């Protein structure tokens with residue numbers, strides 16, 4: 001296994017040195033070049049042909065988001081964004097970045113050591129990720145359904161990791177406000193989960209919020225699990241509500257897709273629809289199988305449209321996926337099932 005060649009792009013010399021020294025401690029990573037701005041980076045991409053680029057957001061001459069947007073059509077290079085806590089990371093993901101790592105910040109309690117360890121993991125995932133060209137969704141792609149045809153007693157559970165932020169956005173913006181309640185686990189750091197929910201709330205026709213214990217599901221409402229907290233569903237009469245709680249990591253994650261899916265299998269049975277999207281690893285594979293065994297309908301994202309075809313593949317291989325679909329077809333299938 002050859003080393004992963006990494007290019008670091010950041011306007012701070014000191015931070016470039018910290019990054020380089022930190023990630024180079026891993027025997028499978030080699031920092032082949034450093035650049036102080038996007039113009040310097042472009043030349044070094046051509047010269048060194050890196051496997052992964054680490055890129056800051058705020059830089060002189062051109063910000064990282066604009067750089068990614070201009071770069072990827074010419075050089076489809078996996079990019080991991082390193083940024084202070086800001087909603088700008090979602091603009092970077094929208095531009096085509098594979099993933100992001102927040103810089104050390106007292107609000108997240110993240111130390112430099114934790115930051116470097118996270119970055120090493122993200123670099124290794126990005127090295128095997130697919131850089132997808134952004135497609136513009138058209139309004140006529142959205143399936144219109146009459147309110148009386150929707151089974152509002154159903155519940156939709158979605159799980160995702162790397163690449164999931166954009167995949168979830170693409171699904172939710174294609175669903176009408178009459179859709180049954182939706183619960184989502186996206187592997188995402190604390191603070192960013194609320195930013196993600198607020199962004200979806202502003203850009204879709206659905207009411208999206210970061211989940212809190214006691215929140216009830218209803219038509220048109222979406223609950224996102226908070227970063228660093230598990231979320232499960234509980235039946236409350238004819239309704240469903242959520243519980244948000246701390247606990248050990250499951251499959252290396254908190255929140256865990258399996259924790260959510262297992263609760264949905266237990267509480268909702270054949271009234272549920274499970275959707276497992278792009279991501280590294282196998283979180284959610286056992287949970288969606290449990291859902292299917294309890295009578296739920298289940299959907300997995302296919303290889304061609306997944307940034308990382310790990311979680312959906314694991315779920316499919318275990319027999320938990322009923323329909324394996326391209327991302328753009330998933331909203332229509334969800335609507336058919338409800």
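So the values come out like this:
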item: For residue 61: the one exception among (1) touching a strand residue (DSSP E or B) at 6+ places or on another chain (Cβ under 7 Å); (2) at positive phi; result: (1)
item: Qualifying residue in the range 202-223 (condition: free of Cβ contacts under 8 Å to residues at least 12 places away in the same chain and not in a loop (DSSP other than H, G, I, E, B)); result: yes
item: All positions within the range 314-338 that are touching a strand residue (DSSP E or B) at 6+ places or on another chain (Cβ under 8 Å) and part of a helix (DSSP H, G or I); result: 315, 316, 327, 330, 333, 334, 337
item: Yes/no for residue 157 being closer than 20 Å to residue 243 by Cα and either assigned to a helix (DSSP H, G or I) or touching a strand residue (DSSP E or B) at 6+ places or on another chain (Cβ under 7 Å) (or both); result: yes
item: Matching residues, the range 62-92, being over 23 Å from residue 32 (Cα atoms) and part of a loop (DSSP other than H, G, I, E, B); result: 84, 85, 86, 87
item: Residues located in the range 236-267, provided they are at pLDDT below 95 and either closer than 17 Å to residue 181 by Cβ or assigned to a strand (DSSP E or B) (or both); result: 236, 237, 238, 239
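The values are calculated or read from the model by the stated rules, or taken from the named source; none is laboratory data. This one's a predicted model, so the numbers in the text were calculated from it and none came from an experiment. Glycine gets a Cβ as well: all are built from the backbone with ideal geometry, and neighbour counts include every protein chain shown.
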